Amino acid sequence: MRNTTRLKLIMARRTAVTAPGAANALFARVIEDLGFECVYVTGAGIANMQLGMPDIGLTSATEIANAVSAISDAVSLPLIVDADTGFGNALNVYRSVLQFERAGAAAIQLEDQVFPKKCGHFAGKEVIPCAEMVQKIKAAVDARHDSDLQIIARTDAIAVEGIDRAIDRAHAFIEAGADATFVEAPTTIAEMERIGREITSPQVANIVFGGKTPDLGQRHLTELGFSIVLYANAALQAALKASREVLSVLKDERSLVSVADRLASFDERQRVVAKGTWDKREARYHVVS
């Protein structure tokens, strides 16, 4: 079964499936190794981890496509790809969808912020007119070759125009052809309940540790009818904390002996990157002299 079809079926279940974020192929391998059903290719994570910069619209479509390609080569899970605003107007969206689908995306998430966008949990966001976003969604739908490639339309309008307008936008996006909607950064349980109750299409929730949206847990989100729950940068935040703590010890003690129990073993590291598989390939293609 194609990954696009697998993801479409996952989203149709409405069981609030957890989609951890990966900014690189190594994190994606860990996600697959642990048995998750899909991976979220996080734009914020790519900006933070690959560029060392904040999530304020500094990444390019090519940088995202390269990350998607590497992750797609490394894992067999469906990839939900954060395409930000589509990197421009409707024509840019069209080209971005072509790029990301070719790179291995099973779903492409587009948002209605003014370019350059900001993290959905930052202050000072702006949104484009709803009519302009509708045309971007139509371009995305027209661009895909595989009709099962999911187009997820995100709105950041809650912070700008309020919950009523955000829900109105979500309805317009579905009418334009989006397969699912994603109302970003609700701040209360009541807002999340309204999203689940009033929008009939598959829904995406985004839980950011330290962010604006309450973490209701899978059971409650399933009851509300959400399809996917993003934990976009849990791995990134864990890695940042752990690496800072271990490297601080290394700087002070000039040794890793006291923190050895906080490091993956050499063998575990090789297992996660499938060295054994590559060893078998090397043996298979070895030239016998």
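The values are calculated or read from the model by the stated rules, or taken from the named source; none is laboratory data. As the structure is a prediction and not an experimental result, all values here were calculated from the model. We place every Cβ from the backbone using ideal geometry, glycine too, and count neighbours over all the protein chains shown.
Points to keep in mind about this one:
- Filtered by the rule that a residue be surrounded by 15 or more Cβ atoms within 10 Å (Cβ to Cβ), on the phi > 0 side of the Ramachandran plot and of a type outside the set (A, V, I, L, M), the stretch 162-202 gives a lone residue, G177.
- The set of residues from the stretch 96-121 being at pLDDT below 95 and among the aromatic types (F, W, Y) comprises just one member, F115.
- Residue match in the stretch 252-260 (condition: closer than 22 Å to M49 by Cβ, of a type in the set (K, R) and not assigned by TED's automatic domain parsing to the domain that holds E32): no
- From the list A242, A238, the one residue that fits, being under 16 Å from A28 (Cβ atoms) and surrounded by 12 or more Cβ atoms within 10 Å (Cβ to Cβ), is A238.
- Of the helices (runs of 4 or more DSSP H) lying entirely inside the stretch 83-173, those containing at least 3 residues that are in contact (Cβ under 8 Å) with a residue 12 or more places away in the chain and closer than 23 Å to A22 by Cβ are 90-103.
- Output for the stretch 124-157, where each listed residue is touching a Lys or Arg at 6+ places or on another chain (Cβ under 6 Å) and within 23 Å of E191 (Cβ to Cβ): K125, C130, T155, D156, A157
- Residue satisfying condition, being assigned by TED's automatic domain parsing to the domain that holds A103, under 16 Å from the mean Cα position of the chain (by Cα), β-branched (V, I, T) and crowded, with 21+ Cβ neighbours inside 10 Å, within set I152, I158, I137: I152
- Selection status of A274, closer than 29 Å to A107 by Cβ and surrounded by 15 or more Cβ atoms within 10 Å (Cβ to Cβ): no
Okay, residues lined up against (1) among the basic types (K, R); (2) touching a strand residue (DSSP E or B) at 6+ places or on another chain (Cβ under 7 Å); (3) within 18 Å of A107 (Cβ to Cβ):
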| position | (1), (2), (3) |
| --- | --- |
| A23 | no, no, yes |
| E37 | no, yes, yes |
| A47 | no, no, no |
| G57 | no, no, no |
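- Test result for D55, at positive phi and within 14 Å of the chain's Cα centre (by Cα): no
- Residue check, T188 farther than 16 Å from A107 by Cβ, assigned by TED's automatic domain parsing to the domain that holds A105 and touching a residue at least 40 places away in the same chain (Cβ under 8 Å): no
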